[in-house]
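**Q** I have a structure I would like to understand better, so I am pasting it below and will then ask my questions one at a time.
The values are calculated or read from the model by the stated rules, or taken from the named source; none is laboratory data. If you're wondering where the values come from, they're calculated on a predicted model, not measured in any experiment. Counting neighbours? That spans all protein chains shown, and the Cβs are built from the backbone with ideal geometry, glycine included. Note: areas computed on protein heavy atoms with side chains; ligands, DNA, RNA excluded. Shrake-Rupley method; radii C 1.70, N 1.55, O 1.52, S 1.80 Å.
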Amino acid sequence: MLNIILMGPPGAGKGTQATRLVDSFHLPHISTGDMFRENIKNGTPLGLQAKAIIEAGGLVPDEVTCAMVKDRLSREDCANGFLLDGFPRTIPQAEELEKIGEELGRKVNLVIDITVPEEELIRRISGRRVCPKCGASYHIDTMKPQKEGICDRCGSEIVQRKDDNAESFRVRLENYYESTQPIADFYKEKGNYRLFDGTIGADNLFREIAKLLEEHK
Ligand code: AMP
């Protein structure tokens, strides 16, 4: 069973790897960032609550985020595995996820962490473009879509995220080092944690992660 968490700083390549992994391993892709963006787009109460926080690069409160994830993990399509992308991001979220997993009989059994040096993260984020429809990621210089401005995967128009500006990115990176990185130790202690070098190229990284997933299937 593949009940996976994918973690790493903004720009590490989580989105790119997640998209490829869920296509290959037929897992539901649970990206809390995508879920929030969808709520913002649809103007839901949750979206209205999260919009300003997200655009400034802050973290949505744990309670709100955990409730959203619990609801999503309860759905039938998560019975045979799932890939969490961007959650948990704080220790309280990681603790809550343990409880949710216990309650639903869907405990996380593999944590994949991707590490990339800060200068490279800055380069990646400043040129990043994303597909608002399917979540696929591109870069204006190094990962261009086949047709300019159009998502290879679903044909939608690709855009720059509002929180991919220098100031919001700085806040997101600080939050990552302060609140999210400590989660690695939480999972290292549980013994189901694996760290990958995120600078070896998207294809190589995918091959390495896919190999690990094959072993855990
Ligand atoms: P992402 O697409 O994963 O980079 O997430 C975009 C933004 O959504 C983050 O910068 C946060 O503002 C918010 N967000 C996503 N996941 C979480 C989470 N687990 N906890 C709190 N806020 C989150």
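**Q** Tell me, what % of the accessible area of region 1-97 is carbon and sulfur with a 1.4 angstrom probe?
**A** Exposed carbon and sulfur together represent 54 percent of the surface.
**Q** Now, a different point. In a shell of Cβ-Cβ distance under 11 Å around residue 44, excluding residue 44 itself, what net charge do Lys and Arg (+1) and Asp and Glu (-1) give? Working shown, then result.
**A** Details: positive: 41, 51; negative: 38.
Every neighbour counted, the sum reads +1.
**Q** Moving to a separate point now. Residue 170 to residue 95: FRET efficiency via 1/(1 + (r/R0)^6), r the Cβ-Cβ distance, R0 30 Å, to the nearest 0.05?
**A** 0.65
**Q** Would you mind getting the accessible area per residue of the chain, heavy atoms of the protein chains only, 1.4 Å probe, in Å²?
**A** Counting only protein heavy atoms, the per-residue value for the chain is 50 Å².
**Q** Moving on to the next point. Could you please report the charge total around residue 108, scoring K, R as +1 and D, E as -1 over all other residues with beta-carbon less than 11 angstrom from its beta-carbon?
**A** +1
**Q** For residue 200 paired with residue 26, estimate the spin-label separation in nm (one decimal), with each label point 7 Å from Cα along the Cα-to-Cβ line.
**A** Each label point is offset 7 Å from its Cα along the Cβ direction, giving 2.7 nm.
**Q** For the chain, can you list the cysteines whose C-beta has no other cysteine C-beta under 4.7 Å from it?
**A** If one checks each Cβ against the other cysteines of the chain, 66, 78 turn up with nothing under 4.7 Å.
**Q** Hey, rough spin-label estimate for residue 217 and residue 190, points 7 angstrom out along Cα→Cβ, what's it come to in nanometres?
**A** Those two pseudo-labels are separated by 2.4 nm.
**Q** Moving to a separate point now. What is the gain in length, in nm to one decimal, between residue 63 and residue 115 on full extension, counting 0.36 nm per residue of separation less the C-alpha to C-alpha distance?
**A** On the way: separation 52, 0.36 × 52 = 18.72 nm, distance 2.74 nm.
Length difference between fully extended and current span is 16.0 nm.
**Q** For a quick check of understanding: with a 1.4 angstrom probe and all protein chains in place, what accessible area in square angstrom does residue 51 have, to the nearest ten?
**A** Here the residue's solvent-accessible area equals roughly 80 Å².
**Q** For residue 3, what residues show an amide H to amide H distance below 5 Å, using hydrogens built from the backbone and excluding near sequence neighbours?
**A** Result for residue 3 returns 82, 109, 110.
**Q** I've got another one for you. I need the per residue convex hull volume for region 103-163, using only the alpha carbons, in cubic angstrom as a whole number. Can you show the working numbers first?
**A** Working: hull volume 9.3 nm³, N = 61.
Given the Cα convex hull of region 103-163, per-residue volume reads 152 Å³.
**Q** Please list the non-local residues whose amide H lies under 5 Å from the amide H of residue 196, H modeled 1.01 Å from N, same-chain partners needing a gap of 5 or more.
**A** 113, 114, 115
**Q** Above 22 angstrom, tally the Cα pairs of the chain and express them as a % of all pairs, no decimals.
**A** Result: 49 percent of Cα pairs exceed 22 Å.
**Q** What is the Cα radius of gyration of region 106-217 over 2.2 N^0.38 Å, N being its residue count?
**A** 1.21
**Q** Choose one answer from 149, 201, 58: the residue with the largest mean-square fluctuation in a GNM of the chain with alpha-carbon springs under 10 Å.
**A** 201
**Q** Calculated from DSSP H runs of 4 or more alone, at -39500 (n - 2.57) each and per residue, what is the 222 nm mean residue ellipticity of the chain, nearest 500?
**A** Helices in the chain give a 222 nm mean residue ellipticity of -14500 deg cm²/dmol.
**Q** Another question about this same structure. Pop out the carbon and sulfur fraction of the accessible area of region 130-217 as a percent, whole number, probe 1.4 Å.
**A** Exposed carbon and sulfur together represent 47 percent of the surface.
**Q** Would you calculate the separation in nanometres between label points at residue 123 and residue 144, each defined as 7 Å from the Cα along the Cα-to-beta-carbon direction?
**A** Using points 7 Å along Cα→Cβ, the separation is 1.8 nm.
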